[in-house]
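Student: Right, I'll just put the structure down here and ask away after.
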Amino acid sequence: MSESQQAGLAPASKNPAKLCAGAVADMQHVWETLRLEAQRVASEEPFLRHLADDVILSRSTLACALGTRLARRLAREDMPRTSLETLLTGVFAENPQIVHASVRDLRAMFERDPACFSLLEPLLFFKGFLALTTYRVSHQLWKDDRRWLALYFQSVASEAFAVDIHPAAQIGCGILLDHATSFVVGETAIIEDDVSILHEVTLGGTGKDCGNRHPIIRSGVLIGAGAKILGRVEIGTGAKIGAGSVVLNDVAPHHTVAGVPAVVVGMSSEANPASEMNQRLDCSGYI
């Protein structure tokens, strides 16, 4: 391996995590946009009229809409929809930062996913968005020392969305979780703002050790489908992880790694790979 490739595997920055930093979303504008889009759905597709009315048009706030949508998807015999909707809407109302985080996730999905044609689409149909929002509820409950209930939401989200995020994990805002199936995040993992992650990604540990044992993902990172990042490794700002890679070492900022085990194959050609969603490996000069 060349010196430049070795440098790409050097430990990245140890700065404090950037979680939900930056400007607050214009909540009123987003809510008005969602209502207009829901009105269009209700008028154009009669079979979805009840869904659009129940989730959006009959609700007074985005917090209520989020609570209703998740309650419809997560209701079980042990917690029916009416109880679940009351609980979820209360959590959103008492913790407006969760709603702001969810709006930034909505925008990330709309802006980065070429298959997404409206802000309403993720709220109604994208299990990546719904799983992230459920995680945000469980994380708040975990911080409030309601850990049994937090673990309950982790469990039902895993059943409903095939996404398993430990409620103690720390995840920032503006996250694109594309397709989402089989996404797994361990207890001590950290994901900063503005990260894009495809399906079947694991942010896992490497054994039975306690303490900080899961990855740190810095802002602007793009993680390809099926990648496994294991242990307390740090993926530096603007790095890119190739699909199917197994990452066992730190990745320096703006480097591209791929393979099993992953090695440096180039430099990220974009300043912010998460936003550009270009999954080419940028191998020029390395292989």
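Every read-out reported here was derived from the displayed coordinates using simple, explicitly stated rules and does not represent laboratory data. For clarity, every value in this text was computed on a predicted model and none was experimentally measured. For neighbour counting, all protein chains shown are included, and Cβ atoms are generated from backbone atoms with ideal geometry for every residue, glycine included.
Student: Given the chain reduced to its alpha-carbon atoms as identical point scatterers, what log10 I(q)/I(0) does the Debye formula return at q = 0.07, 0.08, 0.11 Å⁻¹?
Tutor: Here the Debye-derived log intensity ratios amount to -0.26, -0.34, -0.63.
Student: While we're looking at this one, here's another question. When a footprinting reagent is the concern and you count Cβ atoms within 10 Å, what order do ASP145, ASP194 take, fewest first?
Tutor: ASP145, ASP194
Student: Which semi-axis lengths, in whole Å and largest first, follow from the square roots of five times the eigenvalues of the Cα gyration tensor of segment 23-162? Provide the component values of the computation, followed by the final result.
Tutor: Details: eigenvalues 111, 58, 41 Å².
So the three semi-axes of segment 23-162 are 24, 17, 14 Å.
Student: List every residue whose amide H lies under 5 Å from the amide H of GLU234, counting only residues 5 or more places away in sequence or on a different chain, with H placed 1.01 Å from N in the peptide plane.
Tutor: So GLU234 has HN proximity to ALA12, ILE216, ASP250, VAL251.
Student: Right, next: Order of CYS64, CYS173, CYS210 from fewest to most other C-beta atoms within 10 Å?
Tutor: On the way: CYS64 18, CYS173 26, CYS210 8.
So the ranking, lowest neighbour count to highest, is CYS210, CYS64, CYS173.
Student: From the residues LEU176, PRO80, MET277, which one has its Cα farthest along the dipole of the chain in the positive direction, the dipole being from +1 and -1 charges on Cβ of Lys/Arg and Asp/Glu about the Cα centre?
Tutor: PRO80
Student: Karplus couplings for segment 214-219 from phi (6.51 cos²θ - 1.76 cosθ + 1.60, θ = phi - 60°), rounded to Hz, Gly and Pro as x?
Tutor: 3J(HN,Hα) across segment 214-219, in whole Hz: 10, x, 10, 10, 7, 5.
Student: At a Cα cut-off below 16 Å, give the aspartates and glutamates reachable from LYS127, other chains included and same-chain residues fewer than 8 away excluded.
Tutor: ASP105, ASP113, GLU159, ASP164, ASP178, GLU200
Student: Counting other beta carbons within 10 Å of each Cβ, put VAL195, VAL260 in order, fewest first. All intermediate terms of the calculation are to be shown ahead of the outcome.
Tutor: Details: VAL195 24, VAL260 11.
Neighbour counts put them in this order, fewest first: VAL260, VAL195.
Student: How much FRET efficiency would the formula 1/(1 + (r/R0)^6) give for SER269 and HIS29, where r is the Cβ-Cβ distance and R0 is 30 Å, rounded to 0.05?
Tutor: Details: r = 33 Å, r/R0 = 1.11.
The formula returns an efficiency of 0.35 here.
Student: From the phi of every residue in segment 225-230, what ³J(HN,Hα) in whole Hz does the Karplus formula 6.51 cos²θ - 1.76 cosθ + 1.60 yield, where θ is phi - 60° and glycine or proline is x?
Tutor: Values, residue by residue: 4, x, 6, 10, 10, 10 Hz.
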